[in-house]
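Each remark here refers to the structure printed beneath this line.
Derivation of every value follows stated rules applied to the coordinates shown; laboratory data play no part. Nothing here was measured: the structure is a model prediction, and the numbers come from that model. When we count neighbours, we look across all protein chains shown, and the Cβ atoms used for this are built from the backbone with ideal geometry, even at glycine.
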Amino acid sequence: MSEERYYATGKRKTSVARVWLTPGEGNVTINKRSIDDYLKRETAKMIIRQPLELTETLGKFDIYVNVRGGGISGQAGAIKHGISKALLEVNPDFRPLLKKSGFLTRDSRVKERKKYGQPGARKRFQYSKR
């Protein structure tokens, strides 16, 4: 008895989320904890629900997520990216809808590295003429 499972990987900043979708009643488990235990901020929960609301699949899939790296905001973005990619495996017809909303695009913005001879990425030490 093989049950349907859809897998995708989502990334944001330094966070990497591995997402599995299985037909179910809408339970979201992140790192073996419920979504309410793992994410305290309502905005992070809202970010994760966006692709499901857009494709009208909210409550139709149980979502199991394993996420590592970064902070809560980056992890929420990675989970959203992963759910969006997994929904494509469920139904390829979701592609134009998800693409138009920008959920399939990997947000490549990351922290700029610190450069030598200065205190930060762009900040310079104070200049004095004399």
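Annotations for the structure displayed:
- Count of segment 110-122 residues which are exposed (fewer than 10 other Cβ atoms within 10 Å of the Cβ) and over 21 Å from the mean Cα position of the chain (by Cα): 4
- Selected residue [of a type outside the set (A, V, I, L, M, F, W, C), closer than 21 Å to residue 5 by Cβ and within 14 Å of the chain's Cα centre (by Cα)] from 51, 92: 51
- Pairing each residue of segment 20-43 that is free of Cβ contacts under 8 Å to residues at least 24 places away in the same chain and under 18 Å from residue 68 (Cα atoms) with any residue that is in a helix (DSSP H, G or I) and of a type outside the set (A, V, I, L, M), provided the two are 6+ apart or on different chains, yields C-beta distances under 7 Å for 35/45.
- Any hit, segment 7-30, residues being under 30 Å from residue 123 (Cα atoms) and of a type in the set (Asp, Glu): no
- Counting only strands (runs of 3 or more DSSP E) that fall entirely inside segment 1-109 and contain at least 2 residues that are surrounded by fewer than 20 Cβ atoms within 10 Å (Cβ to Cβ) and of a type in the set (D, E, K, R), the qualifying elements are 61-68.
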